[in-house]
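The next block holds one structure in the form of structure tokens; read it before the comments.
The values are calculated or read from the model by the stated rules, or taken from the named source; none is laboratory data. Because the structure is a prediction, the values reported are computed rather than measured. Here the Cβ positions follow ideal geometry from the backbone for every residue, glycine too, while neighbour counts run over all protein chains shown. Ligands, DNA and RNA are excluded from the accessible area calculation, which covers all protein heavy atoms including side chains. Shrake-Rupley method; radii C 1.70, N 1.55, O 1.52, S 1.80 Å.
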Amino acid sequence: MDAANTRFRVGDRVACGGAECAFHAEFIAVPDLLSARVPDGVASWQAAYTTIASIGLQTLRQLDPRLGERVLVIGQGSSASW
């Protein structure tokens, strides 16, 4: 464990994001600020969508829609099969 890491412990489930940092793997090395602990009540398959959801949320923050305005979201969506 890196001495600079104060947020995570061995055994914690974490989700990460960031270009060239986030990969689907059992073990990775990623900057601390691009990681977040996965709460106990969240399934791993749900946590895997963290980065995708954060991109959409950041877009809404930048857009700053007001009550009554309409927003159209267009995209390829997830390639996951349900």
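Just one of the numbered conditions (1) open to solvent by 60 Å² or more (accessible area, probe 1.4 Å); (2) more than 13 Å from the chain's Cα centre (by Cα); (3) not acidic (Asp, Glu) is not true of PHE8: (1). Considering (1) on the phi > 0 side of the Ramachandran plot; (2) modelled with pLDDT of 85 or more; (3) open to solvent by 80 Å² or more (accessible area, probe 1.4 Å), the lone condition that GLU20 does not fulfil carries the number (2). Of ARG70, ARG61, all but one fail to be modelled with pLDDT of 85 or more, assigned to a loop (DSSP other than H, G, I, E, B) and surrounded by fewer than 10 Cβ atoms within 10 Å (Cβ to Cβ); the exception is ARG70.
Could you list all residues from the stretch 16-38 that are farther than 17 Å from THR6 by Cα and out of contact with any Cys (no Cβ under 8 Å at 6 or more places or on another chain)?
Step one: of the stretch 16-38, the residues farther than 17 Å from THR6 by Cα are 17-28.
Residues satisfying the conditions are GLY17, GLY18, ALA19, GLU20, CYS21, PHE23, HIS24, ALA25, GLU26, PHE27.
Within the stretch 28-41, track down each residue that is assigned to a loop (DSSP other than H, G, I, E, B) and in contact with a helix residue (DSSP H, G or I) (Cβ under 9 Å, 6 or more places away or on another chain). Talk me through it step by step, then tell me what you get.
First, pick out the residues of the stretch 28-41 that are assigned to a loop (DSSP other than H, G, I, E, B): 28-31, 38-41.
If the condition is that a residue be assigned to a loop (DSSP other than H, G, I, E, B) and in contact with a helix residue (DSSP H, G or I) (Cβ under 9 Å, 6 or more places away or on another chain), then VAL38, PRO39 are the ones that fit.
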